[in-house]
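Presented below is the structure to which this report refers.
The values are calculated or read from the model by the stated rules, or taken from the named source; none is laboratory data. Just so we're clear, the structure is a prediction, and the values are computed from it rather than from any experiment. Heads up, the Cβs are rebuilt from the backbone with ideal geometry, glycines too, and the neighbour counts pull from every protein chain shown.
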Amino acid sequence: MKKHSPRPQKQPEPSSVPGRETPAILPPQQPGKGLLRAFTSLRQRNFRLFWFGQMISLMGTSMQIIGQAWLVLELTHSAWQLGLVGEGSLPIVGPNGASCS
């Protein structure tokens, strides 16, 4: 059996146009005008993951607050106690603006 020796292949040279070079770092595109400009930060993968995670967390928090208030209303039938539960879910702000809860 005859073995073939691998031939060195000549790599093609990139064609270059004199006076016209591709920059190593492309400048960022200018954001468009209008509503699409508000979502340009979502192009970054890490920020997009953070943002969608926060949205899911916010939905869960809202469901928990509504469920808790609904449960108090079903068990007690008291608007006063429902108000106490609703007030407890809001942050209490002190005189200097710092949160006390």
Of (1) at pLDDT 70 or above; (2) surrounded by 10 or more Cβ atoms within 10 Å (Cβ to Cβ), residue 29 satisfies every one except (2)
In segment 75-95, anything more than 17 Å from residue 65 (Cβ to Cβ), at pLDDT below 85 and of a type outside the set (Gly, Ala, Ser) is listed as 93, 95
